[in-house]
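Colleague: Sharing a structure with you now.
Every number here is computed from the coordinates shown, using simple stated rules; none is lab data. Quick caveat, the model's predicted, so the values are computed rather than measured. All Cβ positions, glycine included, derive from the backbone under ideal geometry; neighbour counts span all protein chains shown.
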Amino acid sequence: MNAKYVNPFLKAVEHVLGQFGIVDITKKSLQTKEDMSIESDVTAFVGVVGDIRGNVAYAFSEETAKKLASAMMMGMPVEALNDMTRSALAELSNMFTGNAAAIFESEKCHLDITPPSLVVGEEVLFVLSFFQTLTVSIDTAIGTIDIHIGLEV
Amino acid sequence: MKNILVVDDVMVNRMLVKKILLNALEDINILEAEDGFKAMKIIAQNDISVVILDVMMPDKDGIEVLEEIKTSPKYKNISVIMCSAIHDIEKVKKALSLGAMDYFTKPLTQEQIAIRLPLKVRNALESYQQKRELIQFYEHIKEEMQLAEELQKSMIAEYLNFESITMYGKYIPCEGIGGDFYICKQLQGKVWFMIADIVGHGIAAAMISTMLNVIFSRSIQIHKTPGAVLENINDVLFEVFNGSRYGIISAFVGCINEDTLAYSNAGHPYPILYRETLESVEEISINGFLLGMFENIKYETLNTRIGSGDTVVLYTDGIIGKENEYVNCESVHTFCIKHKQYFADNIQALIKEMIPFFQNQNGGKYIDDVAVMIIKKT
């Protein structure tokens, strides 16, 4: 998969996090897998259809997830992953992907996104799709975020 | 307490907007709906001032809800603020064209949270409040107008029958109430009548017509001739209005005493006289100054014989519809000649045809008050 399909997602994550005051984001690693298998505490994922199709997943540790939800909810303290915080994380993944879609659109590549889903639980391994998947890990002040991009291109 | 409805399928977004608004605004109550169907249900059951509406929602989206609100006579005044993610900005444009008041984009930035969103909602609340007050004010005025209209109608008869005179009349004010006026009274064996057209229309003109009723009724008790009655009315109007445009009136006064018609004119369009024995239709062409413009004007009184079946057609210039042309009776004259057959036994039909006939000539709507009074000697 070409890097041109990865950059919009990275830019979008950076942009949205910036709006919540999370700056100083660094790329930590990049790896390729044959499928989108994920093993994280919390994973939010969104389907993509249109000129390109596949799935994008944003995965984090429970701690990072709580901090992200808190940032999204105007700094409200988050003790546990309840309905409200799950809604916040789902919406966040929607924003990430929506922003990426807008960047693709500006490059004449149209895509629609499906409503976000959330998987929460320790020691869960799930395989979301069987396309070749690129995983970019980024470091932020509130922890690591893995962005899994599995597109059929 | 003003009700604000927040519609968003995402729980966290509803919570955020609710929190921001409750922090920033006083005296508000937030209701929530997670989809368009629930939103419409809440709108139907509550008095909602402002709706904050997410564009993207499953099943029934924000645009559909907006359309439903804005096309409903009951809900269309509710202020709607749209919200969307930045990539839905095309839909926001559509929403604004459909009547949404404002919009904001998600995610909410610090600036939006602190300043913009509360300000937008405050403006929307004010706008709704103003619209409501305006509607209430309009309803109030409409009620007052209806009362005044009823009062005026009670003053203007459509049919009167005296010993030797029958009066038929029709009055259509262009604004519910108006400044045309006619009156017919029997006094000591004589039948007095007057038709008048007051400059302008609406409430002010109607008030003057009420006044005219009183002056005329009093004047015919004191004065002997139509000319003297007009002189008296002119003096009173000039004294009250001092020549200002509000008190300017055209009027025609007639008095039938046995077989004599005495008459005088103050700038009013010439009435038509139908003589039954000759089957002739003629204009009663006599003129004089408009009432209320100058002091001490003299009005001439002329006399003519009037026999059984003879009929006088009086009208205001609204029926011709050409404003500022006070004496233009050519078209009424032509009309009466053409419809001569009605004079013998069907005056009601004459009136019925007369009004739409002239109304059609003026593009199908009344631009001035319209009045017709027909006096027939039996």
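Colleague: Anything in chain B that counts as a DSSP H helix reaching 15 Å or more along its axis (C-alpha) with Kyte-Doolittle mean of at least 0.5? List them, would you?
Modeller: Membrane-span-like by this rule: B:11-24, B:203-222, B:226-241.
Colleague: Please state the relative contact order of region B:147-230 as a whole percent: Cα pairs under 8 Å, 6+ residues apart? Could you put the intermediate results ahead of the total?
Modeller: Details: 95 pairs, mean separation 18.6, N = 84.
Relative contact order of region B:147-230: 22 percent.
Colleague: Another question, if that's okay. With the crude spin-label approximation of a point 7 Å out along Cα→Cβ, what separation in nm comes out for A:Glu152 versus A:Ser61?
Modeller: Taking the simple label geometry, A:Glu152 and A:Ser61 are separated by 3.6 nm.
Colleague: Once Lys and Arg get +1 and Asp and Glu get -1 on their Cβ, which of A:Ser106, A:Phe20, A:Asn82 lies farthest toward the positive end of the dipole of region A:1-128?
Modeller: Of A:Ser106, A:Phe20, A:Asn82, it is A:Ser106.
Colleague: Which residues among region A:105-146 fall inside the zone where the amide N is under 13 Å from a point 7 Å beyond the Cα of A:Lys28, along Cα→Cβ?
Modeller: Those under the cut-off are A:136-146.
Colleague: Quick one: of A:Lys27/B:Lys19; B:Lys2/B:Lys91; A:Lys108/B:Lys93, which pairs are farther than 24 Å apart, Cα to Cα?
Modeller: A:Lys27/B:Lys19; B:Lys2/B:Lys91
Colleague: Only Cα pairs under 8 Å and at least 6 apart count here; give the relative contact order of chain B as a rounded whole percent.
Modeller: Relative contact order of chain B: 13 percent.
Colleague: Suppose every K and R has +1 on its Cβ and every D and E has -1 on its Cβ; what is the size of the dipole of chain B about the Cα centre, in Debye to the nearest 20?
Modeller: Here the size comes out at about 440 debye.
Colleague: Name the most mobile residue of B:Glu150, B:Glu64, B:Glu258, meaning the one with the largest mean-square fluctuation, in a Gaussian network model of chain B with Cα contacts below 10 Å.
Modeller: Taking springs between Cα atoms under 10 Å, the residue moving most is B:Glu64.
Colleague: Give, rounded to the nearest 20 debye, the magnitude of the charge dipole that chain A has about its Cα centre when Lys and Arg contribute +1 at Cβ and Asp and Glu contribute -1 at Cβ.
Modeller: Magnitude of the dipole: close to 420 debye.
Colleague: With each label point set 7 Å from Cα along the Cα-Cβ vector, what nm distance links B:Lys70 and A:Asp139?
Modeller: 5.1 nm
Colleague: Something else now. Label point 7 Å out from B:Asp47 along Cα-to-Cβ: which residues of region B:4-26 have amide N under 16 Å?
Modeller: Only B:4-5 pass the distance filter.
Colleague: Follow-up question, since we're still on this one. Projecting each Cα onto the charge dipole of chain A (Lys/Arg +1, Asp/Glu -1 at the beta carbon, about the Cα centre), which of A:Ser117, A:Gly150, A:Ser40 comes out farthest on the positive side?
Modeller: Result: A:Gly150.
Colleague: Can you run the Rg to Rh ratio on chain B? Use alpha carbon positions and the Kirkwood inverse-distance Rh.
Modeller: Rg/Rh: 1.26.
Colleague: On to the next question. Quick one: which residues, 5 or more positions from A:Gly50 or on another chain, have an amide H under 5 Å from its amide H? H modelled 1.01 Å from N in the peptide plane, none for Pro or chain starts.
Modeller: Hits under the 5 Å cutoff: A:Asp112.
Colleague: Can you spot the aspartates and glutamates whose alpha carbon is less than 14 Å from B:Lys106's alpha carbon? Ignore those fewer than 8 places along the same chain.
Modeller: A:Glu91, B:Asp8, B:Asp9, B:Asp54, B:Asp88
Colleague: Now a separate question. Return the calculated 222 nm mean residue ellipticity for the protein assembly as shown, to the nearest 500 deg cm²/dmol, obtained by summing -39500 (n - 2.57) across DSSP H runs with n ≥ 4 and dividing by the residue count.
Modeller: Per the formula, -12000 deg cm²/dmol.
Colleague: What's the local net charge at B:Phe238, with K and R +1, D and E -1, over the other residues with C-beta under 11 Å away?
Modeller: Net of charged neighbours comes to -4.
Colleague: Same structure again: Might you report the magnitude of the Cβ-based charge dipole of region B:156-377 about its Cα centre, with Lys and Arg at +1 and Asp and Glu at -1, to the nearest 20 debye?
Modeller: Details: 16 positive and 25 negative charges, 57 e Å.
With Lys and Arg at +1 and Asp and Glu at -1, about 280 debye.
Colleague: If you line up the long axis of helix A:62-72 against the longest principal axis of chain A, both from Cα atoms, how many degrees apart are they, to the nearest 10?
Modeller: 90 degrees
Colleague: Just to be sure I understand the model, the point goes 7 Å from the Cα along the line to the Cβ. What's the resulting B:Lys352 to B:Lys142 distance in nm?
Modeller: So the label points at B:Lys352 and B:Lys142 sit 3.1 nm apart.
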